[in-house]
Amino acid sequence: MENYFKSWMAHPISKIFMATNFIFAVLFIVSVPSFVKEHITQDAVSIGGKKYDLSDVKESSPIAYSKFQSEYKSLLKNTYGEFAQDKLFELVAKEKNLKPSEVLTQGLVVKEPSEEDIINVYMANKDQLGGKSLAETRDKIVGFLKNQQEQEFSRNRYKEIITKYPVDFLIKEPDIVRVTVAEKNNPSIGPKDAKITIIEFSDFECPFCKRSQDVNRQLREKYKGQIRWVFRDFPLPFHQDAMYAHMAANCSIEEGKYWDVFNVLFENSGNLSKSNVDSLVLNTGVSKTKYQSCMKNQNKLKAEIESDIQDGQKVGVSGTPAFFINGIFVSGALPFENFDEIIQKELKQ
């Protein structure tokens with residue numbers, strides 16, 4: 001709510017925003033089909049007089065082809081989604097003798113916020129208000145709370161509309177592109193014969209990788225016994241402390257402490273100085289003598305990590321986090337639902 005409130009404070013004229021958004025949606029619907037016709041359906045590029053099409057892309061760069069398919073499907077869904085919303089408003093407007101712009105607000109009665117609600121919002125966002133008093137911000141807080149009521153009313157009304165007029169996206173699923181990614185005896189969780197193998201390329205210093213760990217844990221918990229999760233090192237060159245952290249983690253494998261170290265390094269992702277990494281590793285119970293002895297062999301440690309990086313680059317990894325679910329590439333710290341959908345389909349096969 002804090003982020004939403006801050007955004008609304010900066011742009012309080014929600015009605016103008018809604019009107020602008022509606023105009024953009026119309027222009028978007030008009031422009032996308034022409035873009036698809038003029039660009040996507042050409043499906044080819046000429047290089048030195050030789051023509052290449054999407055089959056060539058699929059063969060030489062399956063990850064690029066998979067990204068194209070995913071983004072194209074998303075583009076279609078957004079286009080049809082905007083179109084469907086406008087059509088729904090037209091249907092309901094005709095049925096109730098309203099203007100389409102009135103469909104989501106018909107019957108709305110905005111109540112004056114209680115003093116308790118106003119104070120609660122003020123206290124929750126006090127640090128973001130630049131030292132302004134409650135009296136100075138009261139009008140904007142009241143406006144924010146009223147806007148919340150409008151948004152909630154509109155959401156509920158929209159749910160009623162799509163219940164009466166269901167919307168189904170009849171979009172062809174893109175071809176599944178699988179890439180062979182070796183595990184190479186890297187640390188893993190889960191049974192070796194699991195139906196789902198997820199290989200993660202990640203970086204202990206990467207904030208997006210840290211964010212993704214909550215989703216990763218949820219997936220391992222939900223599909224316990226059905227997923228084998230493999231972690232491969234991919235410290236990015238501009239993260240100065242990442243390489244050392246990955247070497248330190250690998251020095252905990254022999255003592256069976258890898259996943260303890262893994263968790264504590266991500267928890268402290270913003271503070272991975274060498275001294276702190278050493279302290280964090282030793283606090284997990286790793287033998288100090290064995291750890292120091294292992295860390296002396298930095299050339300060997302770096303070679304193993306570089307091998308992970310090279311293997312990742314060969315299959316299209318250019319940033320972190322990156323995942324391969326039974327060879328299906330997923331890029332970025334995406335929501336739980338994105339992974340869950342793929343896993344559900346894989347389990348049904």
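Tally Lys and Arg at +1 and Asp and Glu at -1 over the other residues with C-beta under 11 Å from the C-beta of Q69: what net charge comes out? Walk me through the numbers on the way to the answer.
On the way: positive: K58, K67, K73, K172; negative: E71, E173, D175.
Spelling it out: positives minus negatives among the neighbours equals +1.
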**Asked** Per residue of the chain, what 222 nm ellipticity follows from adding -39500 (n - 2.57) for every DSSP H run with n ≥ 4, rounded to the nearest 500?
**Response** -18500 deg cm²/dmol
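Within the chain, which DSSP H helices have Cα atoms that stretch 27 Å or more along the helix axis and a mean Kyte-Doolittle hydropathy of at least -0.5? Show your work: numbers first, answer last.
Details: long enough: 14-38 (35 Å, 1.36); 62-96 (50 Å, -0.65); 134-164 (45 Å, -1.14).
Going by DSSP H runs, the hits are 14-38.
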**Asked** Which ³J(HN,Hα) values, rounded to whole Hz and listed in residue order, are derived for region 186-195 from phi using the Karplus coefficients 6.51, -1.76 and 1.60 in 6.51 cos²θ - 1.76 cosθ + 1.60 with θ = phi - 60°, glycine and proline given as x?
**Response** 7, x, 9, 10, x, x, 5, 9, 4, 5
**Fill in**
Given unit charges at Cβ for Lys, Arg (+) and Asp, Glu (-), the dipole magnitude of the chain about its Cα centre in debye, nearest 20, is 320
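Mind checking the per residue accessible area of the chain for me, 1.4 Å probe, whole number of Å²?
Values: 21110 Å² over 349 residues.
With the other protein chains kept in place, the chain gives 60 Å² per residue.
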**Request:** Run a plain Debye calculation on region 37-127 (Cα atoms as equal point scatterers, no solvent) and give log10 I(q)/I(0) at q = 0.16 Å⁻¹, rounded to two decimals, same order as the q list.
**Result:** -0.83
**Message:** Could you check the spin-label model distance between E254 and E59? Points 7 Å from the Cα along Cα→Cβ, value in nm.
**Reply:** 4.8
**Asked** Given charges of +1 on the Cβ of Lys and Arg and -1 on the Cβ of Asp and Glu, with all other atoms neutral, how large is the dipole of region 76-148 about its Cα centre, in debye to the nearest 20?
**Response** 180
**Complete:** Note: region 267-349, point scatterers on Cα, Debye, no solvent; log10 I/I(0) at q = 0.16, 0.17, 0.23 Å⁻¹ equals -0.90, -0.94, -1.08
**Request:** Find which of I196, V103, F231 sits farthest along the positive direction of the dipole of the chain, computed with +1 on the beta-carbon of Lys and Arg, -1 on that of Asp and Glu, about the Cα centre.
**Result:** I196
**Message:** I'm checking a number: the convex hull volume of the Cα atoms of region 75-142, normalised per residue, in Å³. What is it?
**Reply:** 145
**Complete:** Accessible-area order for L347, L236, largest to smallest, probe 1.4 angstrom, reads L347, L236
**Fill in**
For region 269-345, whose charge dipole is built from +1 on Lys and Arg Cβ atoms and -1 on Asp and Glu Cβ atoms, the candidate among I343, N283, S307 with its Cα farthest towards the positive end is N283
**Dipole of region 220-349, positive end: most advanced residue of I328, L272, S252 [Cβ charges, Cα centre]** = S252
**Fill in**
Cα extents of region 129-273 per principal axis, largest first, Å, are 60, 50, 27
**Request:** State log₁₀ I(q)/I(0) for region 251-292 at q = 0.15, 0.16, 0.30, 0.32 Å⁻¹ as given by the Debye formula over alpha-carbon point scatterers of equal weight, solvent excluded.
**Result:** -0.30, -0.34, -1.10, -1.20
**Request:** Compute the normalised compactness of region 230-306: alpha-carbon radius of gyration over 2.2 N^0.38 Å, N being the residue count.
**Result:** 0.98
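Distances longer than 31 Å among the Cα atoms of the chain: what percent of all pairs is that? Mind showing how you got there, number by number?
Values: 33932 of 60726 pairs.
Everything past 31 Å amounts to 56 percent.
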**Request:** With +1 on each Lys and Arg Cβ and -1 on each Asp and Glu Cβ, and nothing else charged, work out how big the dipole of region 127-246 is about its Cα centre, in Debye to the nearest 20.
**Result:** 440
**Complete:** If each part is reduced to its alpha-carbon centroid, region 307-349 and region 167-192 end up apart, in Å, by 6
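Where a ≥ b ≥ c are the square roots of the eigenvalues of the C-alpha gyration tensor, would you call region 201-259 rounded, which needs a/c under 1.5, or, failing that, prolate if a/b is larger than b/c, or oblate? List each step's numbers first, then the result.
Details: a/c = 2.73, a/b = 1.39, b/c = 1.96.
Oblate shape, in that a/c is at least 1.5 and b/c is the bigger or equal ratio.
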**Request:** At a temperature of 20 °C and a viscosity of 1.002 mPa s, determine how fast region 126-202 diffuses translationally according to Stokes-Einstein, using the Kirkwood radius over alpha-carbon pairs as Rh; express D in µm²/s, rounded to the nearest whole number.
**Result:** 110
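Two decimals, Cα atoms only, Kirkwood Rh: what is Rg/Rh over region 126-168?
Values: Rg = 16.8 Å, Rh = 12.8 Å.
Here Rg/Rh amounts to 1.32.
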**Asked** Residues with amide H under 5 Å of I328's amide H, sequence separation 5 or more or different chain, H placed in the peptide plane at 1.01 Å from N; which?
**Response** V179
**Item:** Among beta bridges that DSSP assigns inside the chain, antiparallel share in %, nearest 5
**Value:** 70
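The values are calculated or read from the model by the stated rules, or taken from the named source; none is laboratory data. Predicted, not measured: the structure shown is a model, and the values here were computed from it. Here Cβ is always computed from backbone atoms with ideal geometry, including for glycine, and neighbour counts include all displayed protein chains. Heads up: the accessible areas ignore ligands, DNA and RNA and are worked out on the full protein's heavy atoms, side chains in. Shrake-Rupley method; radii C 1.70, N 1.55, O 1.52, S 1.80 Å.
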